[in-house]
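Structure first, then comments.
No value in this document is a laboratory result; all are computed from the given coordinates. Quick caveat: nothing in here was measured; it's all calculated off a predicted structure. Using ideal geometry, Cβ is built from the backbone for each residue, glycine included, and neighbour counts are taken over all protein chains shown.
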Amino acid sequence: MRRRRIIATDEAQTVSAQRRSPTSVVAGARANPFMFGLLGALGVLVALAIGGIVNQLATVLVYIGAAIFLALGLDPIVTSIERKLPRPAAVAIVVAGVVLAFAGIILAIVPILVEQITNLIKDGPKMIEDFMKTDWYKDMSAQFGSTITDAVNGVLGFVQDPDNFFDIGGGVFAVGAGIAGGITGVTIVLILTLYFMASLRSMKRVAARFVPAYQRDTFSELLEDVSSAVGRYVIGQASLALTNGVLSLIFLSIIGAPVPALLALIAFIGSMIPLVGTLSASIIISLICLFESPTTALIAIIYYLVYMQIEAYVLSPRIMSRAVAVPGALVVIAAVAGGALGGILGALVAIPIAASIIIIVQKVVFPTQDRKKTPPAVTVA
């Protein structure tokens, strides 16, 4: 009788273990082709649903990513103020400074940009006509024939019709919607940045709770390294961009370039994208200066060639000495991929993401591989 009870107990435990084991479900699905196909189809549908959700939320995810990296960039400033004041007071000071700076930029730059863009639309045809009267243009026309003349006449006919400027963006309402969307996006990023900056430490503590207790110290140390390096990278890149924007505004105003405030803004935005951004902005600015005069364009080209050398060998090493060095090829790949996914904002966020990946590889992957001194043991069945 006792033996029967023991056998019954063993059978019940075996059945219970089979029910709890996930491999039994997989084995059953493999044995039944219909179940295997059904599970595969459900997996594909779930993957497509997740992809669709991510695609719909792409803009929101870019906003969140930009806000996180801006918060990380402002966190060193909060930490430095925190040495003398409590953290809430330090956060309040930085928040007030960011809001005042943002309002000051809008009040100082937007009216100038509107005025200069209006003048560009109004004076554009005259600028092109004056350009066609220059000796340099006459020499180019004589050398290349009617090709140059036809191209310039096409540009002149386009500029003389103000409706074409709105047709580029799909009409007046599309242009207005684009401007409103841009302002809304900047406002959302700014608000999220302030929230993330105020709750950055609690976010790190919550993130550490998802890691097993025996790995939390290592994870917290890695998280601090990543956040500190990314913060230094963001604030360093912003400093380089601000330097380029201010110097460009002063220089372009001196040489009499058209719409210097707009061109300085292009230089600032371009410098936020390392390696490729400054070069691209310099080319755009030089081409716009060409409509003023070839001499102005030549001076702009020489200035930006000199500035890029100073930035690469003097400013960038000093400002970015404590940040993570991102290889040039990775910068180009990240900038192109980020721009394809999220436009200019995506390109700006992509570089700090690449820096974070480099830190994780240096802090986790490389040490793990270095600890593997002997090959794994091979078991013979």
Response to the item:
F196 neighbourhood, Cβ < 12 Å, K/R = +1, D/E = -1, net charge +1
Item to complete: Please give the peptides 93-103, 201-211 ranked by average Cβ packing (other Cβ atoms within 10 Å per residue), highest first, as a rough proxy for protection.
Response: 93-103, 201-211
Discussion item. For a protection proxy built on the mean count of beta-carbon atoms within 10 angstrom, sort 217-223, 364-370 highest first, please.
Written reply: 217-223, 364-370
Worksheet entry | Overall form of segment 227-272 per C-alpha gyration tensor (a/c, 1.5; a/b vs b/c) | prolate
